[in-house]
Amino acid sequence: MAKKQKAKRMWGGRFDGELDPRIDRYNQSLPYDQRLVEEDIDGSVAWARGLRRIGVLDAKELGTITKALERVRREFAQDRFEAEPGDEDIHTAVERRVVEIAGNAGAKLHTGRSRNDQVATDLHLWLKKACDEIEGAIASLQRTLVEAATAVGETAIPAYTHLQRAQPVLLAHHLLAYCEMVQRDRERFADTRKRADVMPLGCGAAVGSGFAIDRAFLAKELGFRKVSANSLDAVGSRDAALEFLSAASILAMHLSRLGEEIVLWASKEFGFLRLGDTVSTGSSLLPQKRNPDGAELARGKAGRVLGRFLGLATTLKGLPLAYNKDLQEDKEAVFEAFDTITGTLGALEATLAGSRFDADRCAEALEGGHLLSTELADYLVRKGMPFRRAHEVVGKLVQTAEQKGVDIKELDLATLQDAAPEIGPDVKRALTVSAALRAKRAVGGTAPARVKRALAAWRKRLAR
Ligand code: ARG
């Protein structure tokens, strides 16, 4: 219900006229920044304690304010908070209510503080928590990848370059490649967290608090490792949010690649992965369909996260110091990136856990494509032929095999020896998938013994 009387605003003192509703609506951030309510109240509790320490509040006032803040926390948690027309954002909404409940004591809460240091503090608190949650969710996907890699044992598939069959590789090795990729994402979030772990509270609107607040005490109360050293920087910077979006973008990009592999693998053309009933969707028209919607969306939603990075970077570019209202655009960006990332991680995890690899189809894929050509070249090198020469000889043999309509490993000994007299009957042992795999025993290779060790190392690492 629109109220007839003028909306009460925290900053209303110098204004007579009512705010134009078009500006009011445009300016409103409460619908989305109420997501910061916990951080905002935690920040206010710490701030009130800080004010008590320097004598701005007496013990009774501190008690009254803290109780009021906890009551507002409950109102939000139980969805009972009633917003008023003047509640521009979460900070004004909480404070307005605290003043309502706590009267004069409540009206002292904002002493020496600005919404500018307040919102930056809330954001940093939220970012730290978000980094932790994403790191945990990535670890969970890694566990699923390790389980899948364990379940497929020594199943091999073709490794692809240019999406053309290249050489045999263990499917487990392929899955563990994603473990490595997202491990770097975990590290990026851990690093982002360090920059968020610096407290802006106590920097006032721009130049510092007018009261000699003990910021080290505040940081301790709120669990920050450091306090910001320059007030203009603290209230006017959002690179912590941008860095979060950057880490999220790279992760989203990685997840889109895993999504794409699942889409390919689940196609009839590849057939490596059989999607389970709980993780595939049907078509409204085509009864035979089993669609990998989760994996497709993992691919598609990367666009949002990348877009949010570019959006915020553009907002920040060219802003003068210190706080500008443009900075309010940070929140929807990080919230959407967080929701997209956690949703994508969950969907991929469910898809992998709810599907199974088809060993027969994997084995079939190893048949065509002259997949052991490089093995033959390596065989010739072991017989003393320089690699460049061996490459040429085998190239010719691929041509011969193609003319005969067979795979290179099916050529008879006489044909092979015709091309290179160095070739002996032992070549048949070299030209098998398992020999090809075993040969890749240098660190980082797909030799089954290597992969087994890598799996064990991952299992240990993820158990911690
Ligand atoms: N809602 C604002 C934001 O998100 C809070 C800070 C507003 N400060 C101000 N002086 N109007 O950035």
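Values quoted throughout were computed directly from the atomic coordinates according to the rules given, and no laboratory measurement underlies them. None of these values were measured; they are calculated from a predicted model. Positions of Cβ are backbone-derived with ideal geometry, glycine not excepted, and every protein chain shown enters the neighbour counts.
Among the candidates Leu397, Leu312, the residue that is closer than 30 Å to Ala436 by Cβ and crowded, with 17+ Cβ neighbours inside 10 Å is uniquely Leu397.
In the stretch 434-457, the residues that are without any contact (Cβ under 8 Å) to a residue 40 or more places away in the chain reach residues that are part of a helix (DSSP H, G or I) and not acidic (Asp, Glu) with C-beta atoms within less than 7 angstrom, at least six apart or across chains, in these pairs: Arg438/Pro448; Arg441/Ala449; Arg441/Arg450; Ala447/Leu437; Ala447/Arg438. The selection criterion, being buried (at least 19 other Cβ atoms within 10 Å of the Cβ), within 16 Å of the ligand (Cβ to nearest atom) and part of a helix (DSSP H, G or I), does not hold for Asp326. Residues in the stretch 25-70 that are touching a Lys or Arg at 6+ places or on another chain (Cβ under 8 Å) and surrounded by fewer than 15 Cβ atoms within 10 Å (Cβ to Cβ): Asn27, Asp58, Ala59. For the stretch 359-464, the helices (runs of 4 or more DSSP H) that sit wholly inside it and include 3 or more residues that are among the β-branched types (Val, Ile, Thr) are 387-404.
State yes or no: is Leu380 of a type in the set (A, V, I, L, M, F, W, C) and within 16 Å of the ligand (Cβ to nearest atom)?
Numbers: of a type in the set (A, V, I, L, M, F, W, C): yes; within 16 Å of the ligand (Cβ to nearest atom): no.
Considered against the rule, which asks whether it is of a type in the set (A, V, I, L, M, F, W, C) and within 16 Å of the ligand (Cβ to nearest atom), Leu380 comes out as no.
For Gly112, the criteria (1) within 29 Å of the chain's Cα centre (by Cα); (2) surrounded by fewer than 21 Cβ atoms within 10 Å (Cβ to Cβ) hold in every case but one, which is (1). Of all residues in the stretch 186-224, those that are more than 20 Å from Arg238 (Cα to Cα), part of a loop (DSSP other than H, G, I, E, B), among the hydrophobic types (A, V, I, L, M, F, W, C) and in contact with a helix residue (DSSP H, G or I) (Cβ under 9 Å, 6 or more places away or on another chain) total 2.
Within the option set Gly294, Gly346, being away from the ligand (no atom under 16 Å from the Cβ), within 20 Å of Met253 (Cβ to Cβ), touching a residue at least 40 places away in the same chain (Cβ under 8 Å) and surrounded by fewer than 17 Cβ atoms within 10 Å (Cβ to Cβ) holds for one residue only, Gly346. Please determine whether any residue of the stretch 187-194 is within 23 Å of Leu366 (Cα to Cα), β-branched (Val, Ile, Thr) and either out of contact with any strand residue (DSSP E or B) (no Cβ under 7 Å at 6 or more places or on another chain) or crowded, with 18+ Cβ neighbours inside 10 Å (or both). The answer is no, given that none of the residues of the stretch 187-194 is within 23 Å of Leu366 (Cα to Cα), β-branched (Val, Ile, Thr) and either out of contact with any strand residue (DSSP E or B) (no Cβ under 7 Å at 6 or more places or on another chain) or crowded, with 18+ Cβ neighbours inside 10 Å (or both).
Among the numbered conditions (1) buried (at least 16 other Cβ atoms within 10 Å of the Cβ); (2) free of Cβ contacts under 8 Å to residues at least 24 places away in the same chain; (3) of a type in the set (Ser, Thr, Tyr), the only one that Ser249 does not meet is (2).
Consider Glu392 carefully, then state whether it is farther than 30 Å from Asn27 by Cβ and surrounded by fewer than 17 Cβ atoms within 10 Å (Cβ to Cβ). In short, yes.
Residues in the stretch 311-322: is at least one part of a helix (DSSP H, G or I), among the hydrophobic types (A, V, I, L, M, F, W, C) and free of Cβ contacts under 8 Å to residues at least 40 places away in the same chain?
no
Considering the stretch 433-453, the residues that are crowded, with 17+ Cβ neighbours inside 10 Å, aliphatic (A, V, I, L, M) and under 13 Å from Gly153 (Cα atoms) include one that is nearest to the chain's Cα centre (by Cα), namely Val451.
Taken over the stretch 216-229, residues that are buried (at least 19 other Cβ atoms within 10 Å of the Cβ) and either of a type in the set (Phe, Trp, Tyr) or without any contact (Cβ under 8 Å) to a residue 24 or more places away in the chain (or both) amount to 2. Within the stretch 249-283, the set of residues being in contact with an Asp or Glu (Cβ under 8 Å, 6 or more places away or on another chain) and of a type in the set (Lys, Arg) comprises Arg274 only.
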